[in-house]
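Undergrad: Mind having a look at this structure? Questions to follow.
The values are calculated or read from the model by the stated rules, or taken from the named source; none is laboratory data. Keep in mind that this is a model prediction, so the values were computed, not measured. Cβ atoms come from the backbone with ideal geometry, glycine included; neighbour counts cover every protein chain shown. To get the accessible areas, we keep the full protein, side chains included, count just its heavy atoms, and leave off ligands, DNA and RNA. Shrake-Rupley method; radii C 1.70, N 1.55, O 1.52, S 1.80 Å.
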Amino acid sequence: MRKYVTKIFYFLPVQLLLLHFRKYQLILVFWLLLALICTGNFAAHFGASSLFLAPEYLGNISYLSMLLLGAAFSVFIMMWHITTFIIHSKRIPYMGATRHAFLVYCFNNSILPIVFLVFYSVLSVRYQIRDEHTPIESIIFLQLGFYLGFMIVIMASFTYFFRVSRDFFKAALAKIASPAQTIKNIIPYDSLDVEVDVIKALSYLSISLRVEPAEKINQYHPRLMNGILQRHHRNVIFATFFAYLLLLLSGMFIDNPYLRVPAGASFLLLFSIILGLVGAVKYFLRSWETLGWVLFIVVLSALVRFKVFDLRSIAYGLDYHKSIEQVYHYSVLRSLFTTVRYDSDRHREERRLDKWKSKVTATDSTEKPPLVVVTVSGGGSRSAYWTFRTLQYADSMSGGKLFRNTVMITGASGGMIGAAYWRSIHDAIQLGELAEPYDPKYQENIGKDLLNAIIFSFASIDMVSPFNKITTAGHKYTTDRGYAMEQELISNTDGLLDKSIGYFEPREANGAIPQLIINGTIINDGRKLMICNQPIAYLTQPEHLLRLPSPPIDAVDYCAFFPEQNAKNLRLTSALRMNATFPYVLPVVRLPSRPRMNIMDAGLRDNFGIQVSSRYLHSMREWLVKNTGNIILLEIRDTRENDVASNTDQSTLAHMIGDPLFVIQNKWEAFQSYGHNYIKEISPAYVDNKLKFVTLQYVPKEFEKTAALNFHLTQKEKEDIAESVNHPYNHSEIKKLLKLLQ
């Protein structure tokens, strides 16, 4: 038994596997990260597993999408072989004596890739059955596509390395032809030439896949072997350059959907480049490696500081090239949002409401019509899908009265995307551009994938070539994953969101459509940025402190602040993206102020829209009490209002250390919901108790299996969200809404 165990232990594939865990364990992080993503233990809330287990190409999970993912997996595995070969070949100098040394190394280094591929296939099949409801015959077809793509790249790679792997015999002949040089290299023996960490192997897997004894390849001098292996290093580094070039070209043609490979494939290509970069640095810099990485970081920091490139994004349509930039400082805000402007903007909103009332009463003959304010929650595509589903359903049940009686929509993140799409459809109906507001295809459109475009751009542009330029509204801008997300959103919604915010201004002003207040969080100082066509200075500060010499201005009216930058040319999709800028998934947006105003997700301040809506109701209270019947605050949220916090205790060391550090992040939604209830309790008093709350909330069939918080929804998640409108709680709330609208 000991003899067999010894043979297995000193089998080269086993020794190489142990070597990876013994040396440079950080490189194994790539495999660990892929395993955690595929199992849903990393970035599960963002739905990252779907990028690999059910990849999309041209908007569909198909044979071609799996083929492309398989090809990318093959590139990553080959880069794994290349990088570890460069790093570890000095520990296996005898490998240079084999014919086609690098290919032999790949065969012997394949335990980890093979185990992972089997592991991946099991997860992929299970995911496609459970979450995508894919038939078994289709799954088999998809798996065949994956392995066909994998084998195509493997065969192409092996063909290349087969052609360049004859170095040993050329080098051996050169040594024989030049015996003096051979003697010089062998006799003046330096003990430092011998690698003290050479791994022992009794057998190895040959290129013909037979187990061969290692005795024959151990008889050559290490210096000769290392010289041969260095020639292989130069050959394999070419593969790193090839992967980089492939991503670079893909990023240059980002607007061509046929060149936009699945996001999982993009990530694998990015991982390949990083792996190749590690190998190249080790090969060229050797003992200077640490200093090289330090120098790289210093140069990168200098490029950012001197604005050669910027990790932040921009808002498309806005003029960043004006020489006059608004100074972002309290003194400037104080001079802009004065008491006079506050009163003027409030009176202007009252006149807009007068126009809305005249239109509604002309249709319904109601002296005091019900008025609706809609607030929507953040939550990525989950919230966008749920928001659109509830608005479309409730509006159809009311015979269109919900839309006609809605005067304002606000909220955060994905919910605003769904609400903006709903408003754009009805606006197009009024203009005669569309005929049917309740067509099921609109629900399908809002549920289409956005994550693939974001991740593809992140891998092929943001991390590879942050210098791409486009021209929009006469101005040149850099492209990034923010731009990719907007283009995909425009495509998904058949161009209905491909408008500037100012496009809707005339119909908002005369009360034909509700005004949209799109929010963002100014991370410079925590103020709220409010994007609206109508002047809204009355929402920038609390009324009871208005007369103070220095009132606390806690929000900025975007259009009033950027008049010189053509504020209303801002693309609607850019405004929605700023409002949905979840950290790292989408880039922070910088606005053309001095210093730059940096914008992130509206949910950082208010994930439910209750702050803006309650201040709006308070500011308009006199008009509302005098001119309306029921005042309905329709809340649409993708989480359960009174069931938001899971109970945790500090029973483990990790909880004891981590809970105090991450309590705000982990309980952020609970904190906001509890504060939300305080505002709801006092708000009815503003309007003589006319205010009625209607709350529609996504309730999953299985409590622990809610749809992921990301920009991608599986088929199972879409079905679950759509069906939630029929939950008994939501059913009763819709009945309540319909009664209040009468």
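Undergrad: With a 1.4 Å probe and all protein chains in place, put H347, H544 in order of accessible area, largest first.
TA: Sorted descending by solvent-accessible area, the residues read H544, H347.
Undergrad: List, in the order given, every pair from K357/K499; K667/K716; K448/K667; K692/K739; K626/K735 whose Cα-Cα distance in the structure shown is over 22 Å.
TA: Those over the limit are K357/K499; K667/K716; K448/K667; K626/K735.
Undergrad: Which of the pairs K200/K282; K368/K441; K359/K736 have their Cα atoms more than 30 Å apart in this structure?
TA: K368/K441, as the Cα separations exceed 30 Å there.
Undergrad: Moving on. Set the Förster distance to 35 Å, then compute FRET efficiency between I682 and D354 from the Cβ-Cβ distance, nearest 0.05.
TA: 0.80
Undergrad: So which aspartates and glutamates pass the test for K401, namely a Cα distance under 18 Å, with those fewer than 8 places away in the same chain ruled out?
TA: D354, D364, E367, D427, E436, D439, E508, E635, E733
Undergrad: Is the C-alpha gyration tensor of segment 497-552 telling us rounded, prolate or oblate? Criteria: a/c under 1.5 is rounded; beyond that, a/b larger than b/c is prolate, otherwise oblate.
TA: oblate
Undergrad: Of all chymotrypsin sites (Phe, Trp or Tyr not before Pro) in segment 501-590, which ones are in loop regions per DSSP and have a Cβ with at most 16 other Cβ atoms within 10 Å?
TA: In loop regions of segment 501-590 (DSSP not H, G, I, E or B), the sparsely surrounded chymotrypsin sites (Phe, Trp or Tyr not before Pro) are Y584.
Undergrad: Can you list the trypsin sites (Lys or Arg not before Pro) in segment 684-742 that are in a DSSP coil and have 16 or fewer other beta carbons within 10 angstrom?
TA: K701, K705
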